[in-house]
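Below is one structure, written out as structure tokens, with a few remarks after it.
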Amino acid sequence: MGIFLVLIGVNTAPILMPPSWIVLTSFYLLDPSLNIVILAMVGATGATLGRFFLKKISGLFRKFVGEEQKSNLDIIGDYLNRKKYGYIIASFLFGATPLPSNMLFIAYGLMRAKSASIYVGFWFGRTISYIMMIYFGDAVLRPFFELFEDRLTGILLIDGVGIGVLVVFASINWTVLITQKKLKFVKPKIWRI
């Protein structure tokens with residue numbers, strides 16, 4: 001239960017949190033008697049619930065997004081809604097990687113995405129990812145910590161990249177990309193202040 005609650009908290013926060021696979025792997029390394037599959041499923045459930053809360057909170061900030069970006073985000077949301085497995089595939093592919101997913105769920109919140117398949121795909125992707133990361137935890141975790149001896153630097157770097165990806169995602173002209181298959185950007189004025 002404690003691991004579950006920690007994962008909800010880590011995944012509800014938009015930035016400045018360690019990747020949840022590091023948290024799970026650390027718990028496993030502290031107590032190797034834990035069942036890897038059950039630990040991964042508990043972690044994926046906590047992560048999915050945390051991302052649900054993050055998506056809901058992010059939706060409240062839509063009013064600060066410029067009209068052009070709102071329209072743009074609505075277009076990609078409509079496109080994914082029209083595709084039978086659009087959200088589930090996108091969420092699964094993102095969940096199956098060890099990459100931080102906070103910016104994906106912030107984008108979903110800004111898009112007002114309502115499909116339950118977002119969470120189904122993410123849960124299955126995260127479960128698979130967590131099993132692999134926990135199983136190979138020591139081999140994966142040690143080089144990660146050596147790369148970022150100052151863990152705060154690593155967290156800030158990962159969050160900075162995530163914010164940059166979100167800005168680029170919101171600046172893509174999705175109408176042109178979807179209809180004409182050309183990559184075009186709109187002005188990156190995302191926040192109205």
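The values are calculated or read from the model by the stated rules, or taken from the named source; none is laboratory data. Note that the structure is predicted; figures quoted are calculated from it, not measured. When we count neighbours, we look across all protein chains shown, and the Cβ atoms used for this are built from the backbone with ideal geometry, even at glycine. Quick note on the areas: whole protein, heavy atoms, side chains included, nothing else; ligands and nucleic acids left out. Shrake-Rupley method; radii C 1.70, N 1.55, O 1.52, S 1.80 Å.
Give the residue list of trypsin sites (Lys or Arg not before Pro) in region 80-119 that are DSSP loop and have at most 16 other beta-carbon atoms within 10 angstrom. Before the final figure, lay out the partial values.
Working: sites: Arg82, Lys83, Lys84, Arg112, Lys114; in loops: Lys83, Lys84, Arg112, Lys114.
Sparse-neighbourhood loop trypsin sites (Lys or Arg not before Pro): Lys83, Lys84, Arg112, Lys114.
Multiplying the residue separation of Leu5 and Ile89 by 0.36 nm and removing their Cα-Cα distance gives an extension gain of 27.6 nm. In this structure, the amide hydrogen of Arg112, modeled 1.01 Å from its nitrogen in the peptide plane, lies closer than 5 angstrom to no residue at least 5 positions away or on a different chain. Debye calculation, C-alpha points only, no solvent: report log10 I(q)/I(0) for region 63-120 at q = 0.26 Å⁻¹, in the same order as the q values. Taking Cα atoms of region 63-120 as identical point scatterers yields -1.11.
Give me the extension gain from Glu67 to Arg112: residue separation times 0.36 nm, minus the current Cα-Cα distance, reported in nm with one decimal. Don't jump to the answer; show the numbers that get you there.
Values: separation 45, 0.36 × 45 = 16.20 nm, distance 1.43 nm.
14.8 nm is the gain from fully extending Glu67 to Arg112.
Other residues within the sphere of radius under 12 Å centred on the Cβ of Asn11, judged by their own Cβ, net out at +3 (K and R +1, D and E -1). For region 1-103, the share of accessible area belonging to carbon and sulfur comes to 73 percent (1.4 Å probe, ligands and nucleic acids excluded). For Lys181 and Val120, the FRET efficiency from 1/(1 + (r/R0)^6), where r spans their Cβ atoms and R0 equals 41 Å, is about 0.90.
Express in % the proportion of alpha carbon pairs of region 1-139 at distances exceeding 17 Å. Walk me through the intermediate numbers first.
Details: 5543 of 9591 pairs.
Value for region 1-139 (Cα pairs over 17 Å): 58 percent.
Between region 62-127 and region 1-49, the C-alpha centres lie 22 angstrom from each other. Structure note, pairs Lys63/Lys84; Lys114/Lys182; Lys56/Lys182; Lys83/Lys182; Lys83/Lys114; Lys63/Lys182: Cα-Cα distances above 22 angstrom occur for Lys63/Lys84; Lys114/Lys182; Lys56/Lys182; Lys63/Lys182.
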